[in-house]
1. Which residues in the stretch 239-260 have a backbone N closer than 13 Å to a point placed 7 Å from the Cα of Lys290 along the Cα-to-Cβ line?
2. Could you tell me which of the pairs Lys175/Lys252; Lys285/Lys320; Lys335/Lys361; Lys400/Lys434; Lys252/Lys290; Lys124/Lys190 are separated by over 22 angstrom between their Cα atoms in the structure shown?
3. Which of rounded, prolate, oblate describes the stretch 42-149, given a ≥ b ≥ c as roots of the alpha-carbon gyration tensor eigenvalues and a/c under 1.5 marking rounded, otherwise prolate only if a/b is larger than b/c?
4. If amide hydrogens are placed 1.01 Å from N in the peptide plane, which non-local residues have theirs closer than 5 Å to the one on Ser127?
5. Take each of the peptides 243-251, 108-116, average the number of other beta-carbon atoms within 10 Å over its residues, and list them starting from the highest.
6. Just from its helices, what would the mean residue ellipticity at 222 nm be for the chain, if runs of 4 or more DSSP H residues each count -39500 (n - 2.57) and the sum is divided by every residue, rounded to the nearest 500 deg cm²/dmol?
7. Give the cross-link partners of Lys98 among the aspartates and glutamates, using a straight C-alpha distance below 19 Å as the criterion and excluding same-chain residues fewer than 8 apart.
8. Using DSSP, restrict attention to beta bridges with both residues in the chain and report what percent are antiparallel, rounded to the nearest 5.
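Values in this text are rule-based calculations from the coordinates and carry no lab data. As the structure is a prediction and not an experimental result, all values here were calculated from the model. Here the Cβ is made from the backbone with ideal geometry for all residues, glycine too, and neighbour counts use every protein chain on show.
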Amino acid sequence: MKTKCYLFTALMAIFCLTIHAQSQQNNAANTSEGIKFFQGTFAEALAQAKTANKPLFVDFYAVWCVPCRKMAKTVFTLPEVGQYFNEHFINIQIDAEKKENVDIAKSYKVEAYPTLAFIAPDGKALSVNMGAMDQNELLEAAKIAAGESVSFEQLYNQYKANNNDLSVQQTLLLKAPAFLQAQEGMEADKWVTRLQKLYRNYIAAKAPNQLINENDYRIILSLEGSDDKVHKQYIVDLMNDHLDEWMKAVGKAPAYYIVEANDAFAEDLAKEGNAKYKEYVENVKTKYGKAYDVIGLTTINPYEKAKLYNDALFNLYKDKDVDGYIKAMQTYFEKMGSNLQAADYGKAAQNLYAAAGKVLKPKDHEVAIQWVEKALAQDDAIMDRVNYMVMIGDSYRELKNYDKARQYYNQGFAETLRLENMEMPQAMLQGAIKQKLATLELLEK
């Protein structure tokens, strides 16, 4: 589990941390059998769409995104895909991180790559689909945009006319994420409310056995939120009660779903100082034992891991037992062995700051620095690295080692420069670091 941003928990972004060769995008664009992509700017392509009275298909990609490359190589080049798209759309590929395209991507709420958008000749989004698609998914989305397949609104009207048709409901819910991505403001809020109600009713109508299939698992993954923990628990138990059937239908993923949810429930309660967390820890070896066995650990058993970690959290958050927490986490790191990840160190330090930041002693800050430096040495994700550098800077500030604090704040600022095409998070991070640097100047006077 990735460490949450210690500084900026409101910043949420989806990043594809892979590498992509631009030449392969262009090779796909020039393939005669597949989609023929317009060579020009977005504005020129939109003008061409108006002239031809066709919708615009836009492949928003990033040069480092492997799923983008895979689609360009294996889907856009298919003759049947090219035939349909070349007849019904003006097609263009947009590098969403190029300076001239950043505002265009923002206007269509591009937050991940690839994002596949169908846009009317007047520039209004018909649908915005986040993530890679296979041939059938892409063609279905295209037929809806071209008016040859039932639109989302039409499908919803079919559901309203016969709200017992579970097949229509399933189709609606599968299409919901892409449809919602294209909605804005009050319209988006309206549809979220409608679809959440539909989702709950659909789950209730099909549970338990009719839900055990790949499509319904996709629906659960995309629409089951974390706000309503009661319903989340219900879903987890549905999967757990029929885990063998679920894994036969979709592989090991449901076991991971159960484990991640149970771990999150236990951790949240431990941080609240609620002893009920122990019930979820016990679930690891009893109720959900089979799911945890599927995940497998090599140097520590799942129950020992969960108990050691959550007991330490509970005592830290409830009683501010810093010494006990540090000792427990050192044991945790040792027992985790090869299962330990960079984020585990960063998360341990983050909890130390969050639960007991005001009462930490110099020796505690020194331990936190050691932990975060280990996380920093193993993590290449930009946002995490900025977070870690600022965390270390904060500890050095508390130790009154202002030169070291400034060094890490400046390193964190330098790291934000790698977010050059993500203006909003970059500006927020840089603003916060500048404020910390200004505070250092006051402390040194």
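1. Within reach of a label on Lys290, which here means backbone N under 13 Å from a point 7 Å along Cα→Cβ, the stretch 239-260 contributes 239-249, 254-255.
2. Lys175/Lys252; Lys285/Lys320; Lys335/Lys361
3. Oblate.
4. Close amide H contacts, sequence-distant or interchain: Phe118.
5. Ranked by mean Cβ neighbours within 10 Å, highest first: 108-116, 243-251.
6. -20500 deg cm²/dmol, from helical runs alone.
7. Glu44, Asp59, Glu111, Glu420, Glu423
8. So the antiparallel bridges in the chain amount to around 60 percent.
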